[in-house]
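Notes follow the structure.
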Amino acid sequence: MRSRIPRTPLSLFAAFAAFSALAGAGLLLPLDLWLVELAQRRTPQAFDAAGRALSWLGDIEVTAAALLVVCAALLRQGRRRAAWRLVVAFAATGVLEVAMKFFLPVPPIPEDISRSTDPSPIVEVDYPYPYPSGHMLRLTLVAGAAAALRPGSLPALLAAGFLLAGMAATRVYLGVHWFSDVVGGALLGAAGLAWAFAREGKEERRT
């Protein structure tokens, strides 16, 4: 019997689950500590303001608004299935992110490492654990979906990749997330994105 979920989303969810198990067991902490120390030692403090500005792009208020814009564009292209599945993926992965931040015992970021309180203008919650990075999760979903508005477009893919790489570096450099948190968020976001656009019918696209 064939699974209803295509292979790529299943593989990404499986990778996320396996990586989360490693993070929860504390096996990635030595690497995380080394990477954040390296990032903060080699990067000028002048980058703090730029890092905070880039972090703003991953705030839930900003990504939710961007999601609505992307969904509207998908609807204009006649891609209704992808639009509603993207909303479901955004909500479902967000719920999973919050649950894991309460129950997966990844060591919190030490206060002497953190260079930012990561404030949010509307929604601000103090989680006991940092895994996975919600900023990375949401930006992966939204930036990936925006790139999917123009399938095969190299500039769109490069722009999405640049934003994601910048967000990943910012999270670690500012000391608000471990590198493993960033990877976990990217994996979960990629899994949700793959599910949202899986089996997208050709009849849903306007040529």
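General remarks:
- Between Leu154 and Val88, the FRET efficiency from the beta-carbon distance, with R0 = 30 Å, is close to 0.55.
- Gyration tensor (alpha-carbon) shape descriptor, the stretch 45-97, a/c threshold 1.5: oblate
- Amide H to amide H distances under 5 Å link Val106 with Tyr131, where only residues 5 or more positions off or on other chains count and H is placed in the peptide plane.
- Per-residue ³J(HN,Hα) for the stretch 69-75, Karplus 6.51 cos²θ - 1.76 cosθ + 1.60, θ = phi - 60°, Hz, x for Gly and Pro: 5, 5, 5, 4, 5, 5, 5
- Each residue of the stretch 165-181 was assigned a 3J(HN,Hα) from its phi angle through the Karplus expression (A = 6.51, B = -1.76, C = 1.60, θ = phi - 60°), giving 5, x, 5, 4, 5, 5, 4, 6, 4, 6, x, 9, 8, 6, 4, 5, 4 Hz with x at Gly and Pro.
- Cα gyration tensor shape of the stretch 18-77, rounded if a/c is under 1.5, else prolate or oblate by comparing a/b with b/c: oblate
- Counting only the Cα atoms, the stretch 55-174 fills a convex hull of 101 Å³ per residue.
- Between helix 47-56 and the chain: long-axis angle, C-alpha atoms, 0 to 90°, nearest 10: 40
- Rounded to 10°, Cα long-axis angle of helix 7-24 versus longest principal axis of the chain: 10
- Applied to the stretch 84-94, the Karplus parametrisation 6.51 cos²θ - 1.76 cosθ + 1.60 on θ = phi - 60° returns per-residue 3J(HN,Hα) values of 6, 5, 5, 5, 4, 4, 4, 5, 5, 5, x Hz, with x for Gly and Pro.
- Site pair Phe162 and Ile113 shows an inter-label distance of 3.0 nm when each label is modelled 7 Å from Cα along Cα→Cβ.
- Rg over Rh, two decimals, the chain (C-alpha only, Kirkwood Rh): 0.98
- In this simple spin-label approximation, Val95 and Ala14 carry label points 7 Å from Cα along the Cα→Cβ vector, and these lie 2.5 nm apart.
- Amide H contacts under 5 Å for Arg115, placed H, 5+ residues apart: Gly175, Val176
- At the residue level, Ser153 shows approximately 20 square angstrom of accessible surface with a 1.4 angstrom probe and all protein chains present.
- Additional length obtainable on full extension of the chain from Ala50 to Leu22, 0.36 nm per residue less Cα span: 6.9 nm
The values are calculated or read from the model by the stated rules, or taken from the named source; none is laboratory data. Please read all numbers here as calculations on a predicted model, not as lab measurements. A quick note on method: Cβ atoms are made from the backbone with ideal geometry, for glycine too, and the neighbour counts reach across all protein chains shown. For accessibility, only protein heavy atoms count, side chains too; no ligands or nucleic acids. Shrake-Rupley method; radii C 1.70, N 1.55, O 1.52, S 1.80 Å.
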